[in-house]
Amino acid sequence: AQSVTQLGSHVSVSEGALVLLRCNYSSSVPPYLFWYVQYPNQGLQLLLKYTTGATLVKGINGFEAEFKKSETSFHLTKPSAHMSDAAEYFCAVSSLSGSARQLTFGSGTQLTVLP
Amino acid sequence: GAGVSQSPSNKVTEKGKDVELRCDPISGHTALYWYRQSLGQGLEFLIYFQGNSAPDKSGLPSDRFSAERTGGSVSTLTIQRTQQEDSAVYLCASSTMPGTGEAFFGQGTRLTVV
């Protein structure tokens, strides 16, 4: 069984400030982890993913996330927020069960960037 | 096509009517998901198709909802006797199997039941 918890359904930051969106997961087997972004009236777009190897992964638009196994976390960060970052962000986990990897999403975090 | 295609992009239907939503996954992707996203809400898992295995239907909210996937490719989500609470954006995604599990999403179908 696997699950994802995103702390904070709404996060507001000022333009230029640090963005930190929290994600914790539970998985009985080594997980693959993902962050997706959804802009208004659009589908979901992959920001970044962790599969194996380096635990700090970099994605598009200056975002990065670090896989911390001991904390079962995969928090998303960006050093300096832009107005264009305002969107909904979803963390997801997929774990291998048999021959399949089913994706499970968190409930999402709405990011607001204040001028 | 290069991405996941969903049709129609918008659908307005009268309460009580049946609707069919279509998803064309990326060619070669053997896993396919349907999600529902109500206004201001997160992603609600509906159903998952994985190769030739029996689909995971655990997310379907009622027996009015059904989905099929023909030939391991195109999928159709059917909602019978639509209700106003069915109004939402229905998102389809596909992925390779097993691969990394990364899912590629379509743009969604916005369903409005009036």
Check your understanding: Are any of the residues in the range A:53-72 out of contact with any Asp or Glu (no Cβ under 8 Å at 6 or more places or on another chain), exposed (fewer than 12 other Cβ atoms within 10 Å of the Cβ) and at pLDDT 95 or above?
Key -> no
Review point. Any idea how many residues of the range B:2-28 are in contact with a strand residue (DSSP E or B) (Cβ under 7 Å, 6 or more places away or on another chain) and assigned to a loop (DSSP other than H, G, I, E, B)?
Key: 8
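When you scan the range A:1-22, do you find a residue that is over 15 Å from A:Leu111 (Cα atoms), modelled with pLDDT under 90 and not hydroxyl-bearing (Ser, Thr, Tyr), even just one?
Within the range A:1-22 (the criterion being over 15 Å from A:Leu111 (Cα atoms), modelled with pLDDT under 90 and not hydroxyl-bearing (Ser, Thr, Tyr)), the answer is yes, since at least one residue qualifies.
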Practice item. For residues that are within 11 Å of chain A (Cβ to nearest Cβ), surrounded by fewer than 21 Cβ atoms within 10 Å (Cβ to Cβ) and not in a strand (DSSP E or B), tally how many sit in the range B:76-108. Key: 7
Practice item. Taking only the range A:8-46 into account, find how many residues are closer than 21 Å to B:Phe104 by Cβ and in a loop (DSSP other than H, G, I, E, B). Key: 5
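Going by the conditions given, is A:Val29 on the phi < 0 side of the Ramachandran plot, at pLDDT 95 or above and not basic (Lys, Arg)?
Spelling it out, it is not the case that A:Val29 is on the phi < 0 side of the Ramachandran plot, at pLDDT 95 or above and not basic (Lys, Arg).
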Check your understanding: Which residues, counting only those in the range B:27-49, are away from chain A (no Cβ under 13 Å) and touching a Gly at 6+ places or on another chain (Cβ under 9 Å)?
Key -> B:Ser27
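The values are calculated or read from the model by the stated rules, or taken from the named source; none is laboratory data. Keep in mind the model is a prediction, meaning the values are calculated, not measured. FYI the Cβ positions are ideal-geometry reconstructions off the backbone, even for glycines, and counts take in every protein chain you see.
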